[in-house]
Amino acid sequence: MDNKAEKIIIFDTTLRDGEQSPGAKLNVEEKLAIAKQLARLGVDVIEAGFAFTSPGDFAAVSKIAQTVGTEDGPIICSLARAIKADIEAAAEALKPAVKGRIHTFISTSDIHLEYQLRKSRSEVLAIAEEMVAYAKSFMADVEFSPMDAARSDPEFLYQVLEKTIAAGATTVNIPDTVGYTTPSEFGAIIKGIKDNVPNIDQAIISVHGHNDLGLAVANFLEAVKNGARQLECTINGIGERAGNAALEELVMALHVRRQYFNPFLGHAVDSEEPLTNIDTKQIYKTSRLVSNCTGMLVQPNKAIVGANAFSHESGIHQDGVLKNKLTYEIMDAQLIGLTDNQIVLGKLSGRNAFRSRLKELGFELSDTELNKAFVKFKDIADKKKEITDWDLEAIVNDEILQSPELFRVELVQVSAGSNAKPTATVTLRTPSGEELTDAAIGTGPVDAVYRAINRVVNVPNQLIEFSVQSVTAGIDAIGEVTIRLRYEDRVFSGHAANTDIIVASAQAYVNALNRLYAALQVKAKQEEVIA
Ligand code: KIV
Ligand code: ZN
(Lines give C-alpha, C1' and ligand atoms only; values in the text may rest on other atoms or scores of the structure.)
(Ligands and ions follow the chains in the order given, each with its own letter.)
Protein backbone atom coordinates (compact mmCIF):
# COMPACT_ATOMS: atom_id res chain seq x y z
CA MET A 1 0.00 0.00 0.00
CA ASP A 2 1.10 3.54 -0.77
CA ASN A 3 2.46 5.38 2.30
CA LYS A 4 -0.25 8.00 2.15
CA ALA A 5 -3.00 5.49 1.49
CA GLU A 6 -5.53 5.31 4.31
CA LYS A 7 -8.18 2.89 5.53
CA ILE A 8 -11.55 3.66 7.07
CA ILE A 9 -11.87 2.74 10.75
CA ILE A 10 -15.12 0.90 11.45
CA PHE A 11 -16.47 1.75 14.90
CA ASP A 12 -19.42 -0.46 15.75
CA THR A 13 -21.96 0.89 18.21
CA THR A 14 -24.59 -1.90 17.92
CA LEU A 15 -24.14 -2.73 21.60
CA ARG A 16 -24.53 0.88 22.74
CA ASP A 17 -26.55 3.08 20.36
CA GLY A 18 -28.09 0.01 18.67
CA GLU A 19 -29.29 -1.31 21.98
CA GLN A 20 -31.11 1.98 22.52
CA SER A 21 -33.75 0.82 19.99
CA PRO A 22 -37.05 0.17 21.79
CA GLY A 23 -37.22 -3.50 22.84
CA ALA A 24 -33.65 -4.29 21.76
CA LYS A 25 -32.37 -4.72 25.32
CA LEU A 26 -29.72 -7.43 25.43
CA ASN A 27 -28.42 -9.46 28.34
CA VAL A 28 -24.70 -9.95 29.05
CA GLU A 29 -24.51 -13.34 27.27
CA GLU A 30 -26.13 -11.95 24.16
CA LYS A 31 -23.85 -8.90 24.19
CA LEU A 32 -20.84 -11.13 24.52
CA ALA A 33 -21.96 -13.36 21.63
CA ILE A 34 -22.47 -10.29 19.44
CA ALA A 35 -19.12 -8.80 20.47
CA LYS A 36 -17.33 -12.04 19.55
CA GLN A 37 -19.02 -12.02 16.17
CA LEU A 38 -18.14 -8.34 15.64
CA ALA A 39 -14.51 -9.27 16.30
CA ARG A 40 -14.75 -12.03 13.66
CA LEU A 41 -16.34 -9.51 11.31
CA GLY A 42 -13.21 -7.40 11.75
CA VAL A 43 -14.54 -4.15 13.23
CA ASP A 44 -11.77 -1.91 14.55
CA VAL A 45 -13.64 -0.58 17.58
CA ILE A 46 -16.55 -2.03 19.57
CA GLU A 47 -18.53 0.44 21.64
CA ALA A 48 -19.58 -2.16 24.20
CA GLY A 49 -21.95 -0.02 26.24
CA PHE A 50 -22.36 2.88 28.62
CA ALA A 51 -20.70 1.53 31.76
CA PHE A 52 -22.10 4.07 34.22
CA THR A 53 -25.78 3.58 33.38
CA SER A 54 -26.44 0.27 35.17
CA PRO A 55 -24.63 -2.66 36.81
CA GLY A 56 -25.71 -4.77 33.79
CA ASP A 57 -24.06 -2.35 31.35
CA PHE A 58 -20.93 -2.16 33.48
CA ALA A 59 -20.73 -5.97 33.62
CA ALA A 60 -21.19 -6.26 29.85
CA VAL A 61 -18.45 -3.72 29.04
CA SER A 62 -16.11 -5.40 31.50
CA LYS A 63 -16.82 -8.93 30.23
CA ILE A 64 -16.36 -7.86 26.60
CA ALA A 65 -13.15 -6.01 27.52
CA GLN A 66 -11.85 -9.17 29.15
CA THR A 67 -12.97 -11.69 26.52
CA VAL A 68 -12.83 -9.83 23.21
CA GLY A 69 -10.39 -7.00 24.02
CA THR A 70 -7.34 -9.18 23.46
CA GLU A 71 -3.96 -8.27 21.95
CA ASP A 72 -5.10 -8.87 18.37
CA GLY A 73 -8.76 -8.04 19.06
CA PRO A 74 -10.57 -4.74 18.51
CA ILE A 75 -10.40 -1.63 20.68
CA ILE A 76 -13.14 -1.82 23.33
CA CYS A 77 -14.87 1.44 24.09
CA SER A 78 -17.33 2.68 26.69
CA LEU A 79 -19.47 5.78 26.40
CA ALA A 80 -19.34 8.30 29.27
CA ARG A 81 -21.02 11.68 29.74
CA ALA A 82 -18.57 14.50 30.41
CA ILE A 83 -18.97 13.79 34.12
CA LYS A 84 -16.28 12.42 36.43
CA ALA A 85 -18.33 9.48 37.76
CA ASP A 86 -19.17 8.34 34.20
CA ILE A 87 -15.55 8.52 33.11
CA GLU A 88 -14.40 6.62 36.21
CA ALA A 89 -16.95 3.85 35.57
CA ALA A 90 -15.87 3.59 31.92
CA ALA A 91 -12.18 3.42 32.88
CA GLU A 92 -12.85 0.76 35.51
CA ALA A 93 -14.99 -1.41 33.20
CA LEU A 94 -12.40 -1.16 30.43
CA LYS A 95 -9.45 -2.18 32.61
CA PRO A 96 -9.30 -5.80 31.33
CA ALA A 97 -9.02 -4.67 27.67
CA VAL A 98 -5.59 -4.59 26.04
CA LYS A 99 -6.79 -1.62 23.99
CA GLY A 100 -9.45 0.48 25.71
CA ARG A 101 -11.09 3.76 24.71
CA ILE A 102 -13.18 6.22 26.71
CA HIS A 103 -15.74 8.03 24.57
CA THR A 104 -16.96 11.13 26.36
CA PHE A 105 -19.53 13.60 25.10
CA ILE A 106 -21.39 16.82 25.81
CA SER A 107 -23.84 18.77 23.66
CA THR A 108 -22.70 21.85 21.75
CA SER A 109 -25.82 23.05 19.90
CA ASP A 110 -27.54 26.16 21.28
CA ILE A 111 -30.86 24.35 21.51
CA HIS A 112 -29.36 21.62 23.72
CA LEU A 113 -27.41 24.16 25.79
CA GLU A 114 -30.46 26.31 26.45
CA TYR A 115 -33.14 23.68 27.07
CA GLN A 116 -31.33 20.53 28.15
CA LEU A 117 -28.04 21.47 29.79
CA ARG A 118 -28.98 25.02 30.82
CA LYS A 119 -25.35 26.03 30.45
CA SER A 120 -23.53 28.75 28.56
CA ARG A 121 -21.10 28.07 25.72
CA SER A 122 -18.12 28.98 27.89
CA GLU A 123 -19.27 26.56 30.62
CA VAL A 124 -19.61 23.73 28.07
CA LEU A 125 -16.21 24.55 26.58
CA ALA A 126 -14.58 24.35 30.01
CA ILE A 127 -16.33 21.07 30.92
CA ALA A 128 -15.40 19.43 27.60
CA GLU A 129 -11.75 20.38 27.98
CA GLU A 130 -11.56 19.36 31.63
CA MET A 131 -13.34 16.01 31.15
CA VAL A 132 -11.25 15.01 28.13
CA ALA A 133 -8.15 15.69 30.25
CA TYR A 134 -9.70 13.65 33.07
CA ALA A 135 -10.40 10.72 30.71
CA LYS A 136 -6.85 11.03 29.41
CA SER A 137 -5.55 10.55 32.95
CA PHE A 138 -6.97 6.99 32.74
CA MET A 139 -6.08 6.00 29.19
CA ALA A 140 -4.31 7.24 26.10
CA ASP A 141 -7.14 6.57 23.69
CA VAL A 142 -9.88 9.17 24.24
CA GLU A 143 -12.71 10.06 21.89
CA PHE A 144 -14.74 13.22 22.27
CA SER A 145 -18.18 13.90 20.76
CA PRO A 146 -19.81 17.33 20.65
CA MET A 147 -23.39 16.05 20.67
CA ASP A 148 -25.73 17.57 18.06
CA ALA A 149 -22.62 18.87 16.28
CA ALA A 150 -24.46 19.07 12.98
CA ARG A 151 -26.80 21.74 14.41
CA SER A 152 -24.07 23.56 16.37
CA ASP A 153 -22.65 26.95 15.46
CA PRO A 154 -19.55 26.04 13.36
CA GLU A 155 -17.32 28.64 15.06
CA PHE A 156 -18.16 27.28 18.51
CA LEU A 157 -17.70 23.71 17.24
CA TYR A 158 -14.19 24.56 15.94
CA GLN A 159 -13.30 26.08 19.31
CA VAL A 160 -14.52 23.01 21.25
CA LEU A 161 -12.66 20.63 18.94
CA GLU A 162 -9.42 22.61 19.17
CA LYS A 163 -9.54 22.64 23.00
CA THR A 164 -10.49 18.97 23.35
CA ILE A 165 -7.76 17.85 20.95
CA ALA A 166 -5.28 19.95 22.93
CA ALA A 167 -6.57 18.25 26.10
CA GLY A 168 -5.79 14.84 24.63
CA ALA A 169 -8.68 13.64 22.44
CA THR A 170 -7.25 11.32 19.79
CA THR A 171 -10.55 10.97 17.91
CA VAL A 172 -13.14 13.70 17.50
CA ASN A 173 -16.54 12.44 16.52
CA ILE A 174 -19.07 14.62 14.72
CA PRO A 175 -22.63 13.44 15.44
CA ASP A 176 -25.70 14.27 13.43
CA THR A 177 -27.68 13.36 16.54
CA VAL A 178 -31.11 14.13 15.13
CA GLY A 179 -30.53 12.94 11.55
CA TYR A 180 -31.14 16.40 10.13
CA THR A 181 -28.35 17.11 7.65
CA THR A 182 -28.12 16.35 3.95
CA PRO A 183 -25.02 14.78 2.36
CA SER A 184 -23.53 17.97 0.91
CA GLU A 185 -24.13 19.87 4.17
CA PHE A 186 -22.50 17.11 6.21
CA GLY A 187 -19.54 16.99 3.83
CA ALA A 188 -19.18 20.76 4.21
CA ILE A 189 -19.19 20.46 8.04
CA ILE A 190 -16.28 18.00 7.86
CA LYS A 191 -14.42 20.21 5.38
CA GLY A 192 -15.02 23.22 7.64
CA ILE A 193 -13.48 21.32 10.56
CA LYS A 194 -10.46 20.29 8.50
CA ASP A 195 -9.92 23.88 7.33
CA ASN A 196 -10.58 25.70 10.61
CA VAL A 197 -9.40 23.58 13.54
CA PRO A 198 -5.66 24.31 13.72
CA ASN A 199 -4.64 21.04 15.47
CA ILE A 200 -7.05 18.74 13.58
CA ASP A 201 -4.14 16.72 12.15
CA GLN A 202 -3.53 15.42 15.70
CA ALA A 203 -6.88 13.61 15.79
CA ILE A 204 -8.94 11.28 13.63
CA ILE A 205 -12.22 12.72 12.41
CA SER A 206 -15.11 10.36 13.06
CA VAL A 207 -18.77 10.64 12.13
CA HIS A 208 -21.92 9.41 13.86
CA GLY A 209 -25.40 9.86 12.45
CA HIS A 210 -29.02 8.92 12.75
CA ASN A 211 -31.32 7.94 9.95
CA ASP A 212 -34.38 10.12 10.57
CA LEU A 213 -34.44 11.25 6.94
CA GLY A 214 -32.91 8.05 5.56
CA LEU A 215 -29.68 9.92 4.78
CA ALA A 216 -27.22 8.59 7.36
CA VAL A 217 -25.19 6.37 5.00
CA ALA A 218 -25.13 8.97 2.23
CA ASN A 219 -24.02 11.60 4.75
CA PHE A 220 -21.16 9.39 5.94
CA LEU A 221 -19.91 8.68 2.43
CA GLU A 222 -19.80 12.41 1.74
CA ALA A 223 -17.95 12.86 5.05
CA VAL A 224 -15.35 10.29 3.93
CA LYS A 225 -14.73 12.33 0.77
CA ASN A 226 -14.08 15.36 2.96
CA GLY A 227 -11.71 13.78 5.46
CA ALA A 228 -13.66 11.61 7.94
CA ARG A 229 -11.70 8.43 8.66
CA GLN A 230 -13.83 6.70 11.29
CA LEU A 231 -17.48 5.69 10.75
CA GLU A 232 -19.74 4.94 13.72
CA CYS A 233 -22.38 2.49 12.65
CA THR A 234 -24.56 -0.44 13.69
CA ILE A 235 -25.44 -3.83 12.26
CA ASN A 236 -28.73 -3.66 10.31
CA GLY A 237 -28.74 0.08 11.07
CA ILE A 238 -30.51 -0.43 14.40
CA GLY A 239 -30.47 2.36 16.96
CA GLU A 240 -32.28 5.26 18.57
CA ARG A 241 -35.49 6.21 16.64
CA ALA A 242 -34.92 5.53 12.90
CA GLY A 243 -31.57 3.97 13.73
CA ASN A 244 -27.93 4.63 12.91
CA ALA A 245 -25.96 4.40 9.68
CA ALA A 246 -25.87 0.70 8.70
CA LEU A 247 -22.44 -0.92 8.87
CA GLU A 248 -23.14 -3.36 6.05
CA GLU A 249 -24.26 -0.59 3.68
CA LEU A 250 -21.21 1.57 4.39
CA VAL A 251 -18.76 -1.29 4.08
CA MET A 252 -20.26 -2.64 0.87
CA ALA A 253 -20.50 0.84 -0.67
CA LEU A 254 -16.81 1.35 0.05
CA HIS A 255 -16.06 -2.11 -1.32
CA VAL A 256 -18.23 -2.19 -4.46
CA ARG A 257 -17.41 1.42 -5.37
CA ARG A 258 -13.78 1.43 -4.27
CA GLN A 259 -12.59 2.84 -7.57
CA TYR A 260 -14.75 5.87 -6.84
CA PHE A 261 -13.55 6.23 -3.22
CA ASN A 262 -9.90 5.22 -3.76
CA PRO A 263 -8.57 8.70 -4.66
CA PHE A 264 -10.16 10.29 -1.56
CA LEU A 265 -8.16 7.87 0.58
CA GLY A 266 -4.87 8.28 -1.27
CA HIS A 267 -5.13 5.02 -3.25
CA ALA A 268 -4.61 4.66 -6.99
CA VAL A 269 -7.99 4.66 -8.75
CA ASP A 270 -7.74 1.01 -9.79
CA SER A 271 -6.26 -0.25 -6.50
CA GLU A 272 -7.88 -3.46 -5.26
CA GLU A 273 -6.70 -2.81 -1.68
CA PRO A 274 -9.67 -3.13 0.73
CA LEU A 275 -10.73 0.20 2.22
CA THR A 276 -11.82 -1.33 5.54
CA ASN A 277 -10.65 -4.26 7.70
CA ILE A 278 -14.05 -5.94 7.48
CA ASP A 279 -14.31 -9.57 6.40
CA THR A 280 -17.39 -9.06 4.24
CA LYS A 281 -18.18 -12.80 4.29
CA GLN A 282 -19.19 -12.42 7.94
CA ILE A 283 -21.79 -9.73 7.23
CA TYR A 284 -24.87 -11.87 6.71
CA LYS A 285 -24.18 -14.05 9.72
CA THR A 286 -23.65 -11.00 11.94
CA SER A 287 -26.87 -9.46 10.68
CA ARG A 288 -28.84 -12.60 11.58
CA LEU A 289 -27.29 -12.85 15.02
CA VAL A 290 -28.11 -9.23 15.84
CA SER A 291 -31.63 -9.58 14.51
CA ASN A 292 -32.23 -12.78 16.50
CA CYS A 293 -30.86 -11.38 19.75
CA THR A 294 -32.54 -7.98 19.57
CA GLY A 295 -35.84 -9.12 18.03
CA MET A 296 -35.41 -6.31 15.47
CA LEU A 297 -36.42 -7.88 12.17
CA VAL A 298 -34.65 -6.95 8.95
CA GLN A 299 -37.08 -5.58 6.37
CA PRO A 300 -37.09 -7.78 3.21
CA ASN A 301 -36.01 -4.92 0.93
CA LYS A 302 -33.19 -3.76 3.24
CA ALA A 303 -29.98 -3.11 1.28
CA ILE A 304 -27.33 -5.86 1.52
CA VAL A 305 -28.95 -8.08 4.19
CA GLY A 306 -32.68 -8.03 3.37
CA ALA A 307 -34.26 -11.29 2.18
CA ASN A 308 -34.89 -9.79 -1.26
CA ALA A 309 -31.54 -8.03 -1.65
CA PHE A 310 -30.21 -10.67 -4.03
CA SER A 311 -33.38 -12.08 -5.58
CA HIS A 312 -34.71 -11.16 -9.00
CA GLU A 313 -38.44 -11.27 -9.58
CA SER A 314 -38.85 -9.64 -12.98
CA GLY A 315 -38.59 -12.00 -15.97
CA ILE A 316 -36.36 -9.56 -17.84
CA HIS A 317 -33.94 -9.37 -14.88
CA GLN A 318 -33.92 -13.16 -14.42
CA ASP A 319 -33.19 -13.63 -18.10
CA GLY A 320 -30.33 -11.13 -17.95
CA VAL A 321 -28.80 -12.65 -14.80
CA LEU A 322 -28.89 -16.14 -16.31
CA LYS A 323 -27.00 -14.85 -19.36
CA ASN A 324 -24.52 -12.77 -17.36
CA LYS A 325 -24.84 -11.95 -13.64
CA LEU A 326 -23.39 -8.49 -14.18
CA THR A 327 -26.44 -7.41 -16.18
CA TYR A 328 -28.41 -6.80 -13.00
CA GLU A 329 -26.08 -7.60 -10.09
CA ILE A 330 -23.49 -5.21 -8.71
CA MET A 331 -22.20 -7.67 -6.11
CA ASP A 332 -22.16 -11.38 -5.55
CA ALA A 333 -24.23 -12.79 -2.66
CA GLN A 334 -21.17 -14.83 -1.68
CA LEU A 335 -19.35 -11.61 -0.83
CA ILE A 336 -21.53 -11.15 2.26
CA GLY A 337 -21.43 -14.87 3.10
CA LEU A 338 -24.98 -15.47 1.95
CA THR A 339 -24.50 -18.64 -0.04
CA ASP A 340 -21.95 -20.32 2.21
CA ASN A 341 -24.70 -22.65 3.26
CA GLN A 342 -23.24 -26.11 3.18
CA ILE A 343 -25.03 -29.26 4.20
CA VAL A 344 -22.70 -30.47 6.89
CA LEU A 345 -24.36 -32.72 9.39
CA GLY A 346 -27.15 -35.24 9.65
CA LYS A 347 -28.86 -37.64 11.99
CA LEU A 348 -25.81 -39.88 12.31
CA SER A 349 -23.34 -37.10 13.10
CA GLY A 350 -21.79 -37.44 16.54
CA ARG A 351 -20.94 -34.98 19.26
CA ASN A 352 -17.38 -34.47 17.99
CA ALA A 353 -18.47 -33.58 14.47
CA PHE A 354 -21.06 -31.26 15.99
CA ARG A 355 -18.53 -29.61 18.30
CA SER A 356 -15.89 -29.16 15.61
CA ARG A 357 -18.30 -27.67 13.05
CA LEU A 358 -19.54 -25.23 15.69
CA LYS A 359 -15.93 -24.32 16.42
CA GLU A 360 -15.32 -23.67 12.72
CA LEU A 361 -18.39 -21.43 12.73
CA GLY A 362 -16.85 -19.51 15.60
CA PHE A 363 -19.00 -20.75 18.49
CA GLU A 364 -17.04 -21.64 21.59
CA LEU A 365 -19.46 -23.34 23.94
CA SER A 366 -18.96 -24.55 27.49
CA ASP A 367 -19.62 -28.26 28.10
CA THR A 368 -23.07 -27.54 29.54
CA GLU A 369 -23.98 -25.33 26.58
CA LEU A 370 -22.66 -27.91 24.14
CA ASN A 371 -24.72 -30.65 25.78
CA LYS A 372 -27.88 -28.55 25.60
CA ALA A 373 -27.27 -27.62 21.98
CA PHE A 374 -26.46 -31.25 21.07
CA VAL A 375 -29.75 -32.51 22.49
CA LYS A 376 -31.57 -29.95 20.38
CA PHE A 377 -29.48 -30.85 17.33
CA LYS A 378 -30.39 -34.54 17.69
CA ASP A 379 -34.03 -33.65 18.08
CA ILE A 380 -33.98 -31.56 14.91
CA ALA A 381 -31.87 -34.07 12.97
CA ASP A 382 -34.59 -36.64 13.64
CA LYS A 383 -37.11 -34.44 11.87
CA LYS A 384 -34.93 -32.82 9.24
CA LYS A 385 -32.64 -34.83 6.96
CA GLU A 386 -29.95 -32.29 6.25
CA ILE A 387 -28.61 -29.82 8.79
CA THR A 388 -26.94 -26.76 7.27
CA ASP A 389 -24.69 -24.15 8.84
CA TRP A 390 -27.69 -21.81 9.08
CA ASP A 391 -29.58 -24.52 10.98
CA LEU A 392 -26.65 -24.98 13.35
CA GLU A 393 -26.54 -21.28 14.03
CA ALA A 394 -30.26 -21.23 14.71
CA ILE A 395 -29.89 -24.16 17.12
CA VAL A 396 -27.02 -22.56 19.04
CA ASN A 397 -28.61 -19.14 19.16
CA ASP A 398 -31.85 -20.66 20.31
CA GLU A 399 -30.39 -22.84 23.03
CA ILE A 400 -27.61 -20.64 24.29
CA LEU A 401 -28.81 -17.09 23.94
CA GLN A 402 -32.08 -17.47 25.74
CA SER A 403 -31.70 -16.42 29.31
CA PRO A 404 -32.91 -15.79 31.94
CA GLU A 405 -34.90 -18.99 31.92
CA LEU A 406 -37.56 -18.30 34.53
CA PHE A 407 -40.53 -20.03 32.89
CA ARG A 408 -39.86 -23.00 30.64
CA VAL A 409 -42.16 -24.56 28.08
CA GLU A 410 -42.60 -28.25 28.94
CA LEU A 411 -45.53 -29.11 26.70
CA VAL A 412 -47.56 -27.54 23.92
CA GLN A 413 -50.52 -29.29 22.40
CA VAL A 414 -52.98 -27.76 19.95
CA SER A 415 -56.05 -28.81 18.13
CA ALA A 416 -57.04 -26.68 15.15
CA GLY A 417 -58.51 -26.95 11.68
CA SER A 418 -61.26 -25.65 9.43
CA ASN A 419 -64.08 -27.11 11.51
CA ALA A 420 -62.52 -26.86 14.97
CA LYS A 421 -62.26 -24.19 17.62
CA PRO A 422 -58.49 -23.66 17.99
CA THR A 423 -57.66 -24.99 21.44
CA ALA A 424 -54.30 -25.17 23.19
CA THR A 425 -52.98 -26.85 26.31
CA VAL A 426 -49.62 -25.75 27.70
CA THR A 427 -47.50 -26.87 30.61
CA LEU A 428 -44.90 -24.43 31.93
CA ARG A 429 -42.26 -24.93 34.59
CA THR A 430 -42.43 -21.87 36.83
CA PRO A 431 -39.44 -20.10 38.44
CA SER A 432 -40.10 -22.06 41.65
CA GLY A 433 -39.89 -25.37 39.76
CA GLU A 434 -43.60 -26.12 39.87
CA GLU A 435 -45.29 -27.44 36.69
CA LEU A 436 -48.53 -25.65 35.81
CA THR A 437 -50.92 -26.62 33.05
CA ASP A 438 -53.69 -24.55 31.54
CA ALA A 439 -55.76 -24.45 28.38
CA ALA A 440 -57.50 -21.83 26.23
CA ILE A 441 -59.45 -21.28 23.04
CA GLY A 442 -58.23 -18.67 20.54
CA THR A 443 -58.84 -17.24 17.09
CA GLY A 444 -56.08 -19.48 15.76
CA PRO A 445 -53.63 -22.03 17.20
CA VAL A 446 -50.97 -19.46 18.11
CA ASP A 447 -53.53 -17.18 19.73
CA ALA A 448 -54.85 -20.15 21.73
CA VAL A 449 -51.30 -21.04 22.88
CA TYR A 450 -50.62 -17.42 23.91
CA ARG A 451 -53.87 -17.21 25.84
CA ALA A 452 -53.07 -20.45 27.67
CA ILE A 453 -49.55 -19.17 28.51
CA ASN A 454 -51.02 -15.90 29.77
CA ARG A 455 -53.29 -17.81 32.12
CA VAL A 456 -50.20 -19.41 33.71
CA VAL A 457 -47.81 -16.44 33.75
CA ASN A 458 -50.44 -13.86 34.56
CA VAL A 459 -48.56 -10.68 33.56
CA PRO A 460 -50.84 -8.55 31.36
CA ASN A 461 -49.09 -7.48 28.15
CA GLN A 462 -49.84 -6.53 24.57
CA LEU A 463 -48.42 -8.51 21.66
CA ILE A 464 -47.22 -5.91 19.14
CA GLU A 465 -45.28 -7.98 16.62
CA PHE A 466 -45.21 -11.61 15.56
CA SER A 467 -43.20 -12.99 12.67
CA VAL A 468 -42.20 -16.39 11.33
CA GLN A 469 -39.27 -16.91 8.97
CA SER A 470 -37.72 -20.10 7.70
CA VAL A 471 -34.00 -20.60 8.22
CA THR A 472 -33.50 -22.53 4.97
CA ALA A 473 -35.71 -23.62 2.08
CA GLY A 474 -37.72 -26.86 2.14
CA ILE A 475 -40.82 -28.20 3.80
CA ASP A 476 -38.82 -29.48 6.79
CA ALA A 477 -37.06 -26.13 7.38
CA ILE A 478 -36.55 -24.76 10.86
CA GLY A 479 -38.97 -21.91 11.52
CA GLU A 480 -37.77 -18.91 13.50
CA VAL A 481 -40.35 -16.94 15.41
CA THR A 482 -39.66 -13.42 16.64
CA ILE A 483 -42.13 -11.58 18.80
CA ARG A 484 -42.28 -8.24 20.56
CA LEU A 485 -44.63 -7.39 23.37
CA ARG A 486 -45.38 -4.21 25.25
CA TYR A 487 -45.72 -3.88 29.01
CA GLU A 488 -46.53 -0.34 30.17
CA ASP A 489 -44.02 1.80 28.21
CA ARG A 490 -41.42 -0.94 27.64
CA VAL A 491 -41.00 -3.39 24.78
CA PHE A 492 -39.58 -6.91 25.24
CA SER A 493 -38.60 -9.28 22.47
CA GLY A 494 -38.37 -13.05 22.23
CA HIS A 495 -36.97 -15.40 19.64
CA ALA A 496 -37.07 -19.17 19.15
CA ALA A 497 -36.42 -21.74 16.45
CA ASN A 498 -38.02 -25.12 15.93
CA THR A 499 -39.16 -27.34 13.07
CA ASP A 500 -42.65 -26.94 14.57
CA ILE A 501 -43.67 -23.31 14.33
CA ILE A 502 -46.35 -23.62 17.02
CA VAL A 503 -43.71 -24.82 19.49
CA ALA A 504 -41.33 -22.05 18.31
CA SER A 505 -44.16 -19.52 18.81
CA ALA A 506 -44.74 -20.72 22.37
CA GLN A 507 -41.02 -20.62 23.20
CA ALA A 508 -40.52 -17.17 21.66
CA TYR A 509 -43.43 -15.83 23.70
CA VAL A 510 -42.14 -17.38 26.91
CA ASN A 511 -38.66 -15.96 26.19
CA ALA A 512 -40.12 -12.47 25.91
CA LEU A 513 -42.19 -13.02 29.06
CA ASN A 514 -39.04 -14.16 30.88
CA ARG A 515 -37.35 -10.87 30.01
CA LEU A 516 -40.40 -8.97 31.17
CA TYR A 517 -40.61 -11.04 34.35
CA ALA A 518 -36.90 -10.48 35.08
CA ALA A 519 -37.35 -6.72 34.61
CA LEU A 520 -40.28 -6.78 37.04
CA GLN A 521 -38.17 -8.65 39.58
CA VAL A 522 -35.38 -6.04 39.30
CA LYS A 523 -37.95 -3.26 39.71
CA ALA A 524 -39.46 -4.95 42.78
CA LYS A 525 -35.98 -5.31 44.35
CA GLN A 526 -35.20 -1.63 43.71
CA GLU A 527 -38.50 -0.60 45.31
CA GLU A 528 -37.71 -2.83 48.30
CA VAL A 529 -34.34 -1.06 48.74
CA ILE A 530 -35.97 2.38 48.53
CA ALA A 531 -38.69 1.38 51.02
O1 KIV B 1 -26.34 10.46 18.54
C2 KIV B 1 -25.45 10.91 19.27
O3 KIV B 1 -25.14 12.11 19.29
C4 KIV B 1 -24.75 9.99 20.16
C5 KIV B 1 -23.56 10.50 20.89
C6 KIV B 1 -23.49 10.00 22.28
C7 KIV B 1 -22.32 10.19 20.10
O8 KIV B 1 -25.10 8.82 20.23
ZN1 ZN C 1 -26.36 8.29 18.46
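Filter the range 10-35 down to residues that are within 12 Å of the chain's Cα centre (by Cα), under 12 Å from residue 293 (Cβ atoms) and among the charged types (D, E, K, R) and give me whichever is nearest to ligand 1 (Cβ to nearest atom).
Among those that are within 12 Å of the chain's Cα centre (by Cα), under 12 Å from residue 293 (Cβ atoms) and among the charged types (D, E, K, R), it is 19.
Test residue 229 against the criterion of being under 23 Å from the mean Cα position of the chain (by Cα), surrounded by fewer than 24 Cβ atoms within 10 Å (Cβ to Cβ), outside the structural domain of residue 507 (by TED's automatic domain parsing) and within 16 Å of ligand 2 (Cβ to nearest atom), and give yes or no.
no
Taking residue 497, is it of a type in the set (Gly, Ala, Ser) and buried (at least 18 other Cβ atoms within 10 Å of the Cβ)?
So residue 497 fits the description; yes.
Here are some residues: 84, 95. Which one is over 27 Å from residue 163 (Cβ atoms), open to solvent by 60 Å² or more (accessible area, probe 1.4 Å) and touching a residue at least 12 places away in the same chain (Cβ under 8 Å)?
95
For residue 135, only one of the following conditions fails: (1) farther than 28 Å from residue 217 by Cα; (2) in contact with a strand residue (DSSP E or B) (Cβ under 7 Å, 6 or more places away or on another chain); (3) open to solvent by 10 Å² or more (accessible area, probe 1.4 Å); (4) not aromatic (Phe, Trp, Tyr). What is its number?
If we test residue 135 against (1) farther than 28 Å from residue 217 by Cα; (2) in contact with a strand residue (DSSP E or B) (Cβ under 7 Å, 6 or more places away or on another chain); (3) open to solvent by 10 Å² or more (accessible area, probe 1.4 Å); (4) not aromatic (Phe, Trp, Tyr), just (3) comes out false.
Condition check ((1) within 16 Å of ligand 2 (Cβ to nearest atom); (2) in contact with a strand residue (DSSP E or B) (Cβ under 9 Å, 6 or more places away or on another chain); (3) in a loop (DSSP other than H, G, I, E, B)) across all residues:
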residue	(1), (2), (3)
23	no, yes, yes
29	no, no, no
33	no, no, no
38	no, yes, no
72	no, no, yes
76	no, yes, no
85	no, no, no
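Scan the range 183-207 for residues that are in contact with an Asp or Glu (Cβ under 7 Å, 6 or more places away or on another chain) and away from ligand 2 (no atom under 16 Å from the Cβ) and jot them down.
Taking the range 183-207 first, the residues in contact with an Asp or Glu (Cβ under 7 Å, 6 or more places away or on another chain) are 183-184, 186-187, 197-199, 206-207.
Answer for the range 183-207, where residues must be in contact with an Asp or Glu (Cβ under 7 Å, 6 or more places away or on another chain) and away from ligand 2 (no atom under 16 Å from the Cβ): 183, 184, 187, 197, 198, 199.
Would you mind telling me which numbered condition in (1) modelled with pLDDT of 95 or more; (2) more than 29 Å from residue 276 (Cβ to Cβ) residue 54 fails?
The one condition residue 54 does not meet is (1).
One residue is enough: does the range 208-222 have a residue meeting the conditions away from ligand 2 (no atom under 13 Å from the Cβ) and more than 23 Å from the chain's Cα centre (by Cα)?
Yes, because at least one residue in the range 208-222 is away from ligand 2 (no atom under 13 Å from the Cβ) and more than 23 Å from the chain's Cα centre (by Cα).
Exactly one of (1) under 23 Å from the mean Cα position of the chain (by Cα); (2) surrounded by fewer than 24 Cβ atoms within 10 Å (Cβ to Cβ) is unmet by residue 195. Its number?
Failed condition: (1).
Can you find, within the range 55-70, the residue that is nearest to residue 336 (Cα to Cα) among those that are assigned to a loop (DSSP other than H, G, I, E, B) and open to solvent by less than 40 Å² (accessible area, probe 1.4 Å)?
Once the filter is applied, the top-ranked residue is 68.
Restricting attention to the range 330-361, and to residues there that are open to solvent by less than 30 Å² (accessible area, probe 1.4 Å) and out of contact with any strand residue (DSSP E or B) (no Cβ under 9 Å at 6 or more places or on another chain), which single residue is modelled with the highest pLDDT?
336
The values are calculated or read from the model by the stated rules, or taken from the named source; none is laboratory data. Just so it is clear, the structure is predicted and the values come from calculations on it, not from any experiment. A quick note on method: Cβ atoms are made from the backbone with ideal geometry, for glycine too, and the neighbour counts reach across all protein chains shown. These accessible areas exclude ligands, DNA and RNA; they are computed on the full protein's heavy atoms, side chains included. Shrake-Rupley method; radii C 1.70, N 1.55, O 1.52, S 1.80 Å.
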